[in-house]
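Take a look at the structure set out below.
The values are calculated or read from the model by the stated rules, or taken from the named source; none is laboratory data. Model, not experiment: these values are computed from the prediction. Because the Cβ atoms are built from the backbone with ideal geometry, glycine has one as well, and the counts that use them run over all protein chains shown. Note: accessible area is taken over every heavy atom of the protein model, side chains too, but ligands, DNA and RNA are not part of it. Shrake-Rupley method; radii C 1.70, N 1.55, O 1.52, S 1.80 Å.
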Amino acid sequence: MEKSSAKSSHAGKVLKKELAPYRNLVVVGGNWGDEGKGKIIDLVMAHYNTTVRFSGGANAGHTVYASNGKKLVSHLIPCGLAQNKECVMGRGELVDLRLFLEELEQAKKVLGNRLPKIYLDQMSPVWTPWHGLLEAWLEYVRGKGKVGTTGKGIGPLEGLYKLRIAPLVGQIFLEKKKFIEILELLYKTLLPVFKEMKDKNIISGLIPNPVEVADILRSYAIKVKPFVADTSFVLNQASAKKKRMLFEGAQALGLDSRFGTYPFVSSGNSAAFGAAEGTGLPMQSFDATLMVVKTLPTRVGAGPFVSEMWARQSAMDFVRLHAELFADKTAPTLRSESRTNSVGTAAEFLAEKLHLINSGRAKGADYSQYFQVLGDERGATTGRGRSVGFLDIPWLCYAIRINGPKWLALTRFDMLSGVKVIPVVVGYKLFGKLLAKGQLPPPWDMDKVVPVFENWPGWSENIYGINSEAALPKGAKDFLKRLENRLDAAILLVGTGPGREDIVVRTAK
Ligand code: IMP
(Lines give C-alpha, C1' and ligand atoms only; values in the text may rest on other atoms or scores of the structure.)
Protein backbone atom coordinates (compact mmCIF):
# COMPACT_ATOMS: atom_id res chain seq x y z
CA MET A 1 0.00 0.00 0.00
CA GLU A 2 1.27 3.48 -0.90
CA LYS A 3 1.67 5.39 2.31
CA SER A 4 2.06 9.12 2.76
CA SER A 5 4.07 10.50 5.65
CA ALA A 6 1.83 11.35 8.59
CA LYS A 7 4.15 14.28 9.27
CA SER A 8 4.19 15.90 5.84
CA SER A 9 0.75 14.80 4.65
CA HIS A 10 -2.63 16.34 5.18
CA ALA A 11 -2.86 14.32 8.41
CA GLY A 12 0.45 15.80 9.57
CA LYS A 13 -0.87 19.29 8.98
CA VAL A 14 -4.06 18.50 10.86
CA LEU A 15 -2.00 17.27 13.80
CA LYS A 16 0.19 20.35 13.74
CA LYS A 17 -2.86 22.60 13.83
CA GLU A 18 -4.49 20.59 16.60
CA LEU A 19 -1.38 20.68 18.80
CA ALA A 20 -0.33 24.26 18.04
CA PRO A 21 -2.22 25.91 20.95
CA TYR A 22 -0.73 23.46 23.47
CA ARG A 23 2.85 24.45 24.15
CA ASN A 24 3.49 21.98 26.98
CA LEU A 25 2.00 18.58 26.32
CA VAL A 26 1.93 15.60 28.68
CA VAL A 27 1.70 12.13 27.13
CA VAL A 28 0.76 9.28 29.47
CA GLY A 29 -0.38 5.67 29.28
CA GLY A 30 -3.94 4.82 30.29
CA ASN A 31 -3.69 1.05 30.89
CA TRP A 32 -0.84 -0.98 32.44
CA GLY A 33 1.99 0.09 30.16
CA ASP A 34 3.06 -1.07 26.72
CA GLU A 35 0.38 1.03 25.05
CA GLY A 36 2.83 2.10 22.35
CA LYS A 37 3.60 5.47 23.90
CA GLY A 38 6.99 5.51 22.15
CA LYS A 39 5.40 5.53 18.72
CA ILE A 40 2.86 8.21 19.64
CA ILE A 41 5.52 10.38 21.27
CA ASP A 42 7.64 9.92 18.17
CA LEU A 43 4.81 11.21 15.99
CA VAL A 44 3.84 14.13 18.18
CA MET A 45 7.47 15.05 18.94
CA ALA A 46 7.85 16.66 15.53
CA HIS A 47 5.84 19.58 16.92
CA TYR A 48 7.94 20.08 20.07
CA ASN A 49 11.48 21.29 20.85
CA THR A 50 12.25 19.61 24.15
CA THR A 51 11.41 16.18 25.48
CA VAL A 52 11.21 15.45 29.19
CA ARG A 53 10.94 12.35 31.40
CA PHE A 54 9.44 12.89 34.84
CA SER A 55 9.12 9.47 36.49
CA GLY A 56 10.04 5.81 36.37
CA GLY A 57 13.47 4.55 35.46
CA ALA A 58 15.00 1.67 33.57
CA ASN A 59 11.74 -0.29 33.95
CA ALA A 60 10.38 1.71 31.01
CA GLY A 61 11.17 0.66 27.46
CA HIS A 62 10.20 2.82 24.51
CA THR A 63 11.07 1.69 21.01
CA VAL A 64 11.49 4.47 18.47
CA TYR A 65 13.15 4.84 15.08
CA ALA A 66 15.69 7.46 14.05
CA SER A 67 15.41 9.27 10.72
CA ASN A 68 17.91 6.80 9.24
CA GLY A 69 15.41 4.03 10.07
CA LYS A 70 17.57 2.52 12.80
CA LYS A 71 15.88 1.30 15.96
CA LEU A 72 16.53 2.97 19.30
CA VAL A 73 15.22 1.46 22.53
CA SER A 74 15.23 4.07 25.25
CA HIS A 75 14.84 3.17 28.89
CA LEU A 76 16.13 6.27 30.67
CA ILE A 77 16.75 8.98 28.10
CA PRO A 78 13.56 10.54 26.70
CA CYS A 79 12.68 9.02 23.34
CA GLY A 80 12.73 12.44 21.66
CA LEU A 81 16.46 11.69 21.42
CA ALA A 82 15.79 9.72 18.25
CA GLN A 83 14.63 12.97 16.63
CA ASN A 84 17.59 14.92 17.94
CA LYS A 85 15.49 16.92 20.36
CA GLU A 86 16.83 18.41 23.55
CA CYS A 87 16.33 15.79 26.29
CA VAL A 88 15.68 16.43 29.97
CA MET A 89 15.62 13.70 32.59
CA GLY A 90 13.59 15.35 35.31
CA ARG A 91 14.16 14.98 39.03
CA GLY A 92 11.39 12.40 39.37
CA GLU A 93 13.34 9.93 37.29
CA LEU A 94 15.26 7.09 38.96
CA VAL A 95 18.72 6.68 37.51
CA ASP A 96 21.05 3.76 36.97
CA LEU A 97 24.23 5.54 35.89
CA ARG A 98 25.75 2.52 34.21
CA LEU A 99 22.64 2.01 32.09
CA PHE A 100 22.53 5.71 31.32
CA LEU A 101 26.07 5.59 29.93
CA GLU A 102 25.30 2.41 28.01
CA GLU A 103 22.23 4.04 26.50
CA LEU A 104 24.34 7.01 25.42
CA GLU A 105 26.76 4.67 23.67
CA GLN A 106 23.89 2.90 21.92
CA ALA A 107 22.45 6.24 20.86
CA LYS A 108 25.81 7.30 19.40
CA LYS A 109 25.88 4.13 17.33
CA VAL A 110 22.46 4.95 15.91
CA LEU A 111 22.60 8.75 15.71
CA GLY A 112 26.31 9.49 15.40
CA ASN A 113 28.58 11.16 17.93
CA ARG A 114 26.85 14.54 17.97
CA LEU A 115 23.91 13.97 20.24
CA PRO A 116 21.48 16.74 21.18
CA LYS A 117 21.71 18.35 24.62
CA ILE A 118 20.86 15.88 27.38
CA TYR A 119 20.29 16.95 30.98
CA LEU A 120 20.30 14.63 33.98
CA ASP A 121 19.00 15.96 37.29
CA GLN A 122 21.53 16.40 40.08
CA MET A 123 18.98 15.25 42.66
CA SER A 124 17.58 12.12 41.05
CA PRO A 125 18.06 8.98 43.18
CA VAL A 126 20.90 6.75 42.04
CA TRP A 127 20.81 2.97 41.72
CA THR A 128 23.31 0.88 43.69
CA PRO A 129 23.69 -2.92 43.75
CA TRP A 130 21.97 -2.82 47.16
CA HIS A 131 18.72 -1.65 45.54
CA GLY A 132 18.72 -4.78 43.40
CA LEU A 133 19.25 -6.97 46.46
CA LEU A 134 16.46 -5.28 48.39
CA GLU A 135 14.08 -5.79 45.49
CA ALA A 136 14.91 -9.50 45.37
CA TRP A 137 14.25 -9.68 49.12
CA LEU A 138 10.91 -7.88 48.90
CA GLU A 139 9.68 -10.22 46.17
CA TYR A 140 10.95 -13.21 48.17
CA VAL A 141 9.07 -12.10 51.28
CA ARG A 142 5.89 -11.57 49.29
CA GLY A 143 6.19 -15.13 47.98
CA LYS A 144 3.07 -16.02 46.02
CA GLY A 145 1.81 -12.45 46.29
CA LYS A 146 4.86 -11.03 44.55
CA VAL A 147 4.45 -7.99 42.32
CA GLY A 148 6.44 -9.45 39.42
CA THR A 149 8.62 -6.37 39.05
CA THR A 150 10.96 -5.69 36.14
CA GLY A 151 13.93 -6.18 38.48
CA LYS A 152 15.33 -2.70 37.87
CA GLY A 153 15.25 -1.71 41.54
CA ILE A 154 12.43 0.78 41.04
CA GLY A 155 10.52 0.15 44.30
CA PRO A 156 13.65 0.35 46.48
CA LEU A 157 14.90 3.46 44.63
CA GLU A 158 11.68 5.36 45.17
CA GLY A 159 10.99 3.93 48.63
CA LEU A 160 14.43 4.56 50.07
CA TYR A 161 14.35 8.05 48.60
CA LYS A 162 11.16 8.70 50.58
CA LEU A 163 12.95 7.34 53.65
CA ARG A 164 15.54 10.09 53.05
CA ILE A 165 18.46 7.70 52.65
CA ALA A 166 18.99 7.79 48.89
CA PRO A 167 22.30 8.68 47.29
CA LEU A 168 21.67 11.30 44.59
CA VAL A 169 23.28 11.83 41.20
CA GLY A 170 25.18 15.01 42.10
CA GLN A 171 26.62 13.47 45.26
CA ILE A 172 29.00 11.26 43.31
CA PHE A 173 31.06 14.43 42.75
CA LEU A 174 31.42 15.13 46.48
CA GLU A 175 34.63 14.45 48.33
CA LYS A 176 34.95 10.64 48.52
CA LYS A 177 34.76 10.57 52.35
CA LYS A 178 31.54 12.53 52.32
CA PHE A 179 29.99 10.30 49.67
CA ILE A 180 30.95 7.16 51.60
CA GLU A 181 29.16 8.58 54.67
CA ILE A 182 25.99 8.98 52.61
CA LEU A 183 26.26 5.42 51.34
CA GLU A 184 26.97 4.10 54.84
CA LEU A 185 23.59 5.24 56.05
CA LEU A 186 21.91 3.22 53.35
CA TYR A 187 24.19 0.24 53.84
CA LYS A 188 23.69 0.11 57.62
CA THR A 189 19.91 0.28 57.16
CA LEU A 190 19.94 -2.64 54.76
CA LEU A 191 22.67 -4.77 56.35
CA PRO A 192 20.30 -6.85 58.56
CA VAL A 193 18.31 -7.70 55.43
CA PHE A 194 21.46 -8.73 53.57
CA LYS A 195 22.52 -10.93 56.48
CA GLU A 196 19.13 -12.63 56.46
CA MET A 197 19.39 -13.09 52.69
CA LYS A 198 22.78 -14.75 53.10
CA ASP A 199 21.45 -17.04 55.82
CA LYS A 200 18.62 -18.09 53.52
CA ASN A 201 21.01 -18.55 50.58
CA ILE A 202 19.19 -15.93 48.54
CA ILE A 203 22.56 -14.34 47.87
CA SER A 204 25.78 -16.22 47.60
CA GLY A 205 28.48 -13.78 46.50
CA LEU A 206 30.03 -10.90 48.44
CA ILE A 207 27.94 -7.85 49.16
CA PRO A 208 29.82 -4.71 48.14
CA ASN A 209 30.58 -2.35 51.02
CA PRO A 210 30.16 1.47 50.93
CA VAL A 211 33.74 2.05 49.78
CA GLU A 212 33.32 -0.34 46.88
CA VAL A 213 29.96 1.12 45.88
CA ALA A 214 31.44 4.63 46.10
CA ASP A 215 34.26 3.52 43.80
CA ILE A 216 31.84 2.05 41.29
CA LEU A 217 29.63 5.13 41.17
CA ARG A 218 32.53 7.59 41.18
CA SER A 219 34.09 5.72 38.26
CA TYR A 220 31.22 7.10 36.14
CA ALA A 221 31.76 10.68 37.30
CA ILE A 222 33.86 12.04 34.41
CA LYS A 223 31.51 10.68 31.77
CA VAL A 224 28.36 11.70 33.61
CA LYS A 225 29.43 15.22 34.63
CA PRO A 226 28.62 17.06 31.37
CA PHE A 227 24.99 16.05 31.65
CA VAL A 228 24.28 16.87 35.28
CA ALA A 229 22.16 19.94 35.98
CA ASP A 230 19.37 21.38 38.08
CA THR A 231 16.76 20.36 35.53
CA SER A 232 13.94 22.29 37.20
CA PHE A 233 15.94 25.43 36.44
CA VAL A 234 16.72 24.28 32.89
CA LEU A 235 13.02 23.63 32.31
CA ASN A 236 12.03 26.92 33.85
CA GLN A 237 14.38 28.73 31.46
CA ALA A 238 13.08 26.73 28.51
CA SER A 239 9.56 27.63 29.49
CA ALA A 240 10.49 31.33 29.72
CA LYS A 241 11.89 31.08 26.18
CA LYS A 242 8.52 29.66 25.10
CA LYS A 243 10.06 26.40 23.97
CA ARG A 244 7.49 23.74 23.21
CA MET A 245 7.95 20.84 25.61
CA LEU A 246 6.69 17.29 25.55
CA PHE A 247 6.52 15.40 28.85
CA GLU A 248 6.85 11.65 28.37
CA GLY A 249 5.06 9.55 30.93
CA ALA A 250 6.49 6.16 31.86
CA GLN A 251 4.37 3.08 32.66
CA ALA A 252 0.67 3.94 32.91
CA LEU A 253 -2.19 4.83 35.19
CA GLY A 254 -2.80 1.24 36.30
CA LEU A 255 0.79 1.19 37.58
CA ASP A 256 0.71 4.61 39.25
CA SER A 257 1.69 4.22 42.90
CA ARG A 258 -1.30 6.27 44.17
CA PHE A 259 -4.07 5.72 41.64
CA GLY A 260 -3.10 2.38 40.15
CA THR A 261 -3.93 -1.08 41.47
CA TYR A 262 -1.78 -0.83 44.63
CA PRO A 263 0.32 -2.75 45.66
CA PHE A 264 0.56 -4.20 42.15
CA VAL A 265 1.98 -1.01 40.77
CA SER A 266 5.29 0.56 39.98
CA SER A 267 6.58 3.08 42.50
CA GLY A 268 6.43 6.41 40.71
CA ASN A 269 3.85 8.83 39.35
CA SER A 270 2.64 7.43 36.07
CA ALA A 271 -0.40 9.70 35.94
CA ALA A 272 -0.37 13.09 34.22
CA PHE A 273 -0.11 14.97 37.53
CA GLY A 274 3.35 13.43 37.94
CA ALA A 275 4.67 15.83 35.31
CA ALA A 276 4.56 18.67 37.86
CA GLU A 277 6.01 16.69 40.76
CA GLY A 278 8.76 15.11 38.69
CA THR A 279 9.98 18.28 37.01
CA GLY A 280 9.47 21.16 39.43
CA LEU A 281 7.49 23.16 36.90
CA PRO A 282 4.42 24.91 38.28
CA MET A 283 1.08 23.20 37.72
CA GLN A 284 -0.17 25.83 35.30
CA SER A 285 2.73 25.03 32.96
CA PHE A 286 0.93 22.03 31.52
CA ASP A 287 -1.47 22.81 28.71
CA ALA A 288 -2.94 19.47 27.69
CA THR A 289 -2.67 15.72 28.12
CA LEU A 290 -2.76 13.06 25.46
CA MET A 291 -3.56 9.66 26.92
CA VAL A 292 -2.41 6.61 24.99
CA VAL A 293 -4.63 3.56 25.35
CA LYS A 294 -4.38 0.16 23.84
CA THR A 295 -7.45 -1.21 22.04
CA LEU A 296 -6.83 -4.51 23.81
CA PRO A 297 -5.06 -3.68 27.09
CA THR A 298 -2.22 -5.87 28.34
CA ARG A 299 -0.57 -6.50 31.67
CA VAL A 300 2.71 -8.09 32.76
CA GLY A 301 3.49 -8.92 36.37
CA ALA A 302 0.73 -9.45 38.92
CA GLY A 303 -2.39 -7.49 39.91
CA PRO A 304 -6.06 -6.93 39.11
CA PHE A 305 -7.15 -6.92 35.47
CA VAL A 306 -10.92 -7.13 35.16
CA SER A 307 -11.18 -7.57 31.38
CA GLU A 308 -8.39 -10.17 31.17
CA MET A 309 -9.05 -12.92 28.62
CA TRP A 310 -7.13 -15.82 30.16
CA ALA A 311 -5.32 -16.93 33.34
CA ARG A 312 -2.39 -14.55 33.92
CA GLN A 313 0.33 -17.13 34.34
CA SER A 314 -0.81 -19.16 31.32
CA ALA A 315 -0.78 -16.02 29.17
CA MET A 316 2.63 -15.01 30.48
CA ASP A 317 4.05 -18.49 29.87
CA PHE A 318 2.47 -18.79 26.42
CA VAL A 319 5.20 -16.75 24.71
CA ARG A 320 7.95 -18.88 26.21
CA LEU A 321 6.22 -22.17 25.48
CA HIS A 322 5.29 -21.24 21.90
CA ALA A 323 8.27 -19.24 20.74
CA GLU A 324 7.75 -20.58 17.23
CA LEU A 325 4.58 -18.51 16.91
CA PHE A 326 6.17 -15.16 17.62
CA ALA A 327 7.62 -12.57 15.28
CA ASP A 328 11.32 -12.59 14.42
CA LYS A 329 11.48 -16.28 15.30
CA THR A 330 9.89 -18.46 12.60
CA ALA A 331 7.35 -16.00 11.29
CA PRO A 332 9.44 -13.02 10.18
CA THR A 333 6.79 -11.59 7.90
CA LEU A 334 4.14 -11.44 10.57
CA ARG A 335 4.77 -7.74 11.09
CA SER A 336 6.26 -6.56 7.84
CA GLU A 337 3.45 -7.70 5.54
CA SER A 338 0.14 -7.55 7.21
CA ARG A 339 -1.08 -8.72 10.54
CA THR A 340 -3.19 -11.43 8.94
CA ASN A 341 -1.24 -12.30 5.79
CA SER A 342 1.61 -13.87 7.74
CA VAL A 343 3.22 -17.14 6.72
CA GLY A 344 4.00 -20.54 8.14
CA THR A 345 3.07 -21.81 11.56
CA ALA A 346 1.94 -18.45 12.87
CA ALA A 347 -0.35 -17.84 9.89
CA GLU A 348 -2.02 -21.21 10.26
CA PHE A 349 -2.41 -20.69 13.97
CA LEU A 350 -3.94 -17.25 13.50
CA ALA A 351 -6.31 -18.42 10.77
CA GLU A 352 -7.50 -21.29 12.91
CA LYS A 353 -8.07 -19.11 15.98
CA LEU A 354 -9.84 -16.40 14.00
CA HIS A 355 -12.13 -19.02 12.50
CA LEU A 356 -12.94 -20.25 16.00
CA ILE A 357 -13.60 -16.70 17.20
CA ASN A 358 -15.88 -15.92 14.27
CA SER A 359 -17.78 -19.17 14.69
CA GLY A 360 -18.73 -18.03 18.20
CA ARG A 361 -17.06 -21.06 19.85
CA ALA A 362 -13.90 -19.37 21.14
CA LYS A 363 -13.04 -19.42 24.84
CA GLY A 364 -11.02 -16.76 26.68
CA ALA A 365 -7.81 -18.69 26.05
CA ASP A 366 -8.45 -18.70 22.27
CA TYR A 367 -9.00 -14.94 22.18
CA SER A 368 -5.93 -14.40 24.32
CA GLN A 369 -3.67 -16.62 22.22
CA TYR A 370 -4.92 -15.11 18.97
CA PHE A 371 -4.24 -11.54 20.06
CA GLN A 372 -0.98 -12.39 21.80
CA VAL A 373 0.46 -13.88 18.62
CA LEU A 374 -1.09 -11.28 16.33
CA GLY A 375 0.24 -8.41 18.42
CA ASP A 376 3.54 -10.06 19.40
CA GLU A 377 2.68 -9.32 23.02
CA ARG A 378 6.04 -9.57 24.78
CA GLY A 379 7.51 -7.04 27.25
CA ALA A 380 10.13 -4.64 25.79
CA THR A 381 12.21 -4.62 28.99
CA THR A 382 11.78 -8.20 30.21
CA GLY A 383 10.61 -10.21 27.17
CA ARG A 384 7.87 -11.71 29.36
CA GLY A 385 4.55 -12.63 27.76
CA ARG A 386 1.85 -9.99 28.20
CA SER A 387 -1.61 -11.03 29.27
CA VAL A 388 -4.31 -9.54 27.03
CA GLY A 389 -7.71 -8.11 28.01
CA PHE A 390 -10.83 -7.02 26.17
CA LEU A 391 -11.45 -3.35 25.50
CA ASP A 392 -12.50 -2.06 28.91
CA ILE A 393 -14.68 1.05 28.96
CA PRO A 394 -15.14 1.35 32.77
CA TRP A 395 -11.37 1.29 33.26
CA LEU A 396 -10.89 3.90 30.53
CA CYS A 397 -13.53 6.14 32.13
CA TYR A 398 -11.57 5.92 35.37
CA ALA A 399 -8.28 6.69 33.60
CA ILE A 400 -9.91 9.67 31.89
CA ARG A 401 -11.23 10.90 35.24
CA ILE A 402 -7.75 10.88 36.81
CA ASN A 403 -5.67 12.03 33.83
CA GLY A 404 -8.14 14.48 32.30
CA PRO A 405 -6.84 14.04 28.75
CA LYS A 406 -7.82 16.42 26.01
CA TRP A 407 -7.46 13.57 23.54
CA LEU A 408 -6.88 9.85 23.36
CA ALA A 409 -4.53 7.93 21.09
CA LEU A 410 -5.96 4.46 20.51
CA THR A 411 -3.20 2.07 19.52
CA ARG A 412 -3.32 -1.32 17.79
CA PHE A 413 -6.82 -0.78 16.47
CA ASP A 414 -5.97 -2.95 13.44
CA MET A 415 -5.85 -6.00 15.74
CA LEU A 416 -9.65 -6.13 15.58
CA SER A 417 -9.71 -6.48 11.77
CA GLY A 418 -11.66 -9.50 10.64
CA VAL A 419 -13.29 -10.16 14.01
CA LYS A 420 -17.02 -10.25 13.27
CA VAL A 421 -18.28 -9.61 16.77
CA ILE A 422 -16.12 -7.84 19.32
CA PRO A 423 -16.80 -8.36 23.04
CA VAL A 424 -16.39 -5.06 24.90
CA VAL A 425 -16.58 -4.54 28.66
CA VAL A 426 -19.11 -1.76 29.20
CA GLY A 427 -19.75 -1.95 32.94
CA TYR A 428 -18.37 -3.21 36.25
CA LYS A 429 -20.75 -4.94 38.67
CA LEU A 430 -19.66 -5.24 42.27
CA PHE A 431 -21.81 -7.20 44.74
CA GLY A 432 -24.64 -7.09 42.21
CA LYS A 433 -24.55 -3.30 41.74
CA LEU A 434 -23.42 -1.53 38.60
CA LEU A 435 -20.70 0.99 39.42
CA ALA A 436 -21.09 4.59 38.29
CA LYS A 437 -19.06 5.92 35.38
CA GLY A 438 -15.51 6.67 36.51
CA GLN A 439 -15.92 4.75 39.76
CA LEU A 440 -13.43 2.02 40.63
CA PRO A 441 -13.50 -0.35 43.62
CA PRO A 442 -10.39 -0.62 45.81
CA PRO A 443 -7.88 -3.06 44.31
CA TRP A 444 -8.63 -5.72 46.92
CA ASP A 445 -12.22 -5.91 45.63
CA MET A 446 -11.36 -5.83 41.95
CA ASP A 447 -11.24 -9.61 41.68
CA LYS A 448 -14.90 -9.62 42.74
CA VAL A 449 -15.94 -7.33 39.91
CA VAL A 450 -18.12 -8.99 37.30
CA PRO A 451 -17.53 -7.39 33.91
CA VAL A 452 -20.63 -6.58 31.89
CA PHE A 453 -20.08 -7.30 28.18
CA GLU A 454 -21.69 -6.00 25.03
CA ASN A 455 -21.01 -7.48 21.61
CA TRP A 456 -20.10 -4.76 19.14
CA PRO A 457 -20.10 -5.35 15.38
CA GLY A 458 -16.63 -5.48 13.86
CA TRP A 459 -15.54 -5.20 10.22
CA SER A 460 -14.17 -7.68 7.75
CA GLU A 461 -11.58 -5.51 5.95
CA ASN A 462 -7.94 -5.54 7.07
CA ILE A 463 -7.09 -2.01 8.20
CA TYR A 464 -3.42 -2.76 8.83
CA GLY A 465 -1.31 0.21 7.75
CA ILE A 466 -4.23 2.46 6.77
CA ASN A 467 -3.28 6.05 7.46
CA SER A 468 -6.21 8.16 6.44
CA GLU A 469 -9.56 8.39 8.09
CA ALA A 470 -11.38 8.28 4.77
CA ALA A 471 -9.80 4.90 3.96
CA LEU A 472 -11.14 3.23 7.10
CA PRO A 473 -14.07 0.88 6.42
CA LYS A 474 -17.44 2.00 7.71
CA GLY A 475 -17.46 -0.73 10.37
CA ALA A 476 -14.21 0.61 11.88
CA LYS A 477 -15.41 4.22 11.75
CA ASP A 478 -18.68 3.27 13.45
CA PHE A 479 -16.77 1.39 16.12
CA LEU A 480 -14.64 4.46 16.89
CA LYS A 481 -17.66 6.76 17.09
CA ARG A 482 -19.44 4.36 19.39
CA LEU A 483 -16.39 4.16 21.65
CA GLU A 484 -15.92 7.91 21.68
CA ASN A 485 -19.55 8.40 22.73
CA ARG A 486 -19.14 6.02 25.65
CA LEU A 487 -15.91 7.65 26.81
CA ASP A 488 -16.83 11.31 26.33
CA ALA A 489 -13.31 11.82 25.01
CA ALA A 490 -12.01 12.64 21.55
CA ILE A 491 -9.97 9.92 19.88
CA LEU A 492 -7.43 11.95 17.93
CA LEU A 493 -5.01 9.23 16.84
CA VAL A 494 -5.67 5.65 15.85
CA GLY A 495 -2.83 3.17 15.44
CA THR A 496 -3.15 0.70 12.58
CA GLY A 497 0.22 -1.07 12.70
CA PRO A 498 3.65 -0.95 14.31
CA GLY A 499 5.23 1.34 11.70
CA ARG A 500 5.73 5.04 12.28
CA GLU A 501 3.27 5.93 9.51
CA ASP A 502 0.62 3.38 10.46
CA ILE A 503 -1.59 5.95 12.09
CA VAL A 504 -4.82 7.77 11.40
CA VAL A 505 -5.19 11.37 12.52
CA ARG A 506 -8.91 11.91 12.96
CA THR A 507 -10.64 15.10 12.06
CA ALA A 508 -14.32 14.10 12.18
CA LYS A 509 -15.59 14.75 15.69
P1 IMP B 1 8.60 -2.23 38.71
O2 IMP B 1 8.25 -0.96 38.03
O3 IMP B 1 9.79 -2.92 38.12
O4 IMP B 1 8.70 -2.07 40.20
O5 IMP B 1 7.40 -3.27 38.48
C6 IMP B 1 6.11 -3.09 39.08
C7 IMP B 1 5.02 -3.57 38.14
O8 IMP B 1 4.94 -2.68 37.03
C9 IMP B 1 5.25 -4.96 37.55
O10 IMP B 1 3.99 -5.58 37.38
C11 IMP B 1 5.86 -4.67 36.19
O12 IMP B 1 5.62 -5.72 35.27
C13 IMP B 1 5.10 -3.42 35.82
N14 IMP B 1 5.84 -2.54 34.88
C15 IMP B 1 6.84 -1.68 35.18
N16 IMP B 1 7.24 -1.02 34.09
C17 IMP B 1 6.47 -1.44 33.08
C18 IMP B 1 6.37 -1.09 31.69
O19 IMP B 1 7.10 -0.23 31.17
N20 IMP B 1 5.44 -1.76 30.96
C21 IMP B 1 4.60 -2.68 31.52
N22 IMP B 1 4.64 -3.03 32.80
C23 IMP B 1 5.57 -2.42 33.58
_If a paramagnetic tag sat 7 Å from the Cα of Asp230 along the Cα-Cβ line, which residues of segment 285-322 would have the backbone N under 20 Å from that point?_
285
*Per residue and in cubic angstrom, what volume does the convex hull of the Cα atoms of segment 344-465 have?*
157
_Carbon + sulfur, % of accessible area of segment 407-491 - ligands and nucleic acids excluded, 1.4 Å_ = 57
*What are the ³J(HN,Hα) values, in whole Hz, obtained from phi via the Karplus relation 6.51 cos²θ - 1.76 cosθ + 1.60 with θ = phi - 60°, for each residue of segment 116-121 in sequence order, with x given for Gly and Pro?*
x, 5, 10, 10, 10, 6
*On the accessible surface of segment 1-97, probed at 1.4 Å, how many percent belong to carbon and sulfur atoms?*
50
*Please compute P(r) over all alpha-carbon pairs of the chain, binned at 20 Å starting from zero, and give each bin as a whole-number percent.*
23, 56, 21, 1
*Taking only the alpha carbons of segment 181-226, what extent do you get along each of the three principal axes, in Å, biggest first?*
42, 20, 14
*Mind putting together the pair-distance distribution for segment 191-264? All Cα pairs, 5 Å bins, whole percent per bin, short to long.*
3, 10, 9, 8, 10, 14, 21, 13, 5, 3, 2, 0
*Inter-label distance for Met283 and Lys420, nm, one decimal - labels placed 7 Å from Cα along Cα-to-Cβ*: 5.2
*Counting only protein heavy atoms and using a 1.4 Å probe, what share of the accessible area of segment 182-270 belongs to carbon plus sulfur, as a whole percent?*
57
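Could you please put Val126, Val234 in sequence from largest to smallest accessible area, using a 1.4 Å probe? Write out the running numbers ahead of the final one.
Working: Val126 0, Val234 30 Å².
I get Val234, Val126, largest accessible area first.
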*Multiply the residue gap between Ala365 and Ala46 by 0.36 nm, knock off their C-alpha separation, and tell me the result in nm, one decimal place.*
110.8 nm
*For the chain, which DSSP H helices look membrane-span-like by this rule: Cα extent along the axis of 18 Å or more and mean Kyte-Doolittle of at least -0.5?*
97-111, 129-142, 176-199, 344-358
*Counting other Cβ atoms within 10 Å, keep those with at most 10, restrict to DSSP loop, and tell me which GluC sites (Glu not before Pro) in segment 110-180 are left.*
Glu175
*With no solvent and one point per C-alpha, what does the Debye sum give as log10 I(q)/I(0) for segment 104-200 at q = 0.18, 0.21, 0.24, 0.25 Å⁻¹?*
-0.92, -1.07, -1.22, -1.28
*Near the amide H of Gly427, under 5 Å away, which other amide H atoms are found, from residues 5 or more places off or on another chain, if H is placed in the peptide plane?*
Val452
*Apply the Karplus parameterisation 6.51 cos²θ - 1.76 cosθ + 1.60, with θ equal to phi minus 60°, to every residue of segment 429-444 and state each ³J(HN,Hα) to the nearest whole Hz, in sequence, with x for glycine and proline.*
10, 10, 6, x, 10, 6, 6, 6, 4, x, 8, 9, x, x, x, 6
*asked:* Only four residue types carry charge here, +1 at the Cβ of Lys and Arg and -1 at the Cβ of Asp and Glu. Report the dipole size of segment 431-509 about the Cα centre in Debye, rounded to the nearest 20.
replied: 260
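Just to confirm the filter: which GluC sites (Glu not before Pro) across segment 1-98 are DSSP coil and have at most 12 other Cβ within 10 angstrom of their Cβ?
Glu2
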*For Thr411, enumerate residues with amide H under 5 Å from its amide H, sequence gap 5+ or separate chain, H modeled in the peptide plane.*
Val293, Lys294, Thr295, Gly495
*Under a plain spin-label model, where a point goes 7 Å from the Cα along Cα-to-Cβ, how far apart in nm are Lys195 and Val450?*
5.4
*asked:* Given the -39500 (n - 2.57) contribution per DSSP H run of 4+ residues, what per-residue ellipticity at 222 nm results for the chain, rounded to the nearest 500 deg cm²/dmol?
replied: -10000 deg cm²/dmol
*Charge dipole (debye, nearest 20) of the chain; +1 at Cβ of Lys and Arg, -1 at Cβ of Asp and Glu*: 840
*Mind checking the per residue accessible area of the chain for me, 1.4 Å probe, whole number of Å²?*
42
_Placing +1 on the Cβ of each Lys and Arg and -1 on the Cβ of each Asp and Glu in the chain, which of Leu111, Trp127, Thr261 has its Cα farthest towards the positive end of the resulting dipole?_
Leu111
*Could you work out how far apart the two model spin labels at Lys177 and Arg98 are, taking each label as a point 7 Å from the Cα in the direction of the beta carbon, and quote it in nm?*
2.9
_Just to be sure I understand: if I project the alpha-carbon convex hull of segment 270-312 onto a plane and average over all orientations, what area do I get in nm²?_
4.4
*Scan around Asp502 for amide H atoms under 5 Å from its own, H built in the peptide plane at 1.01 Å from N, and keep only partners 5 or more places away or cross-chain.*
none
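If R₀ is 45 angstrom, what is the calculated FRET efficiency for the pair Ser204 and Ser67, using the beta carbon separation as r and rounding to 0.05?
With R0 = 45 Å, the Cβ-Cβ based efficiency is 0.45.
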*Give the residue from Ile207, Leu246, Tyr220 lying farthest towards the positive end of the charge dipole for segment 186-281; charges sit on Cβ (+1 for Lys and Arg, -1 for Asp and Glu) and the dipole is referred to the Cα centre.*
Leu246
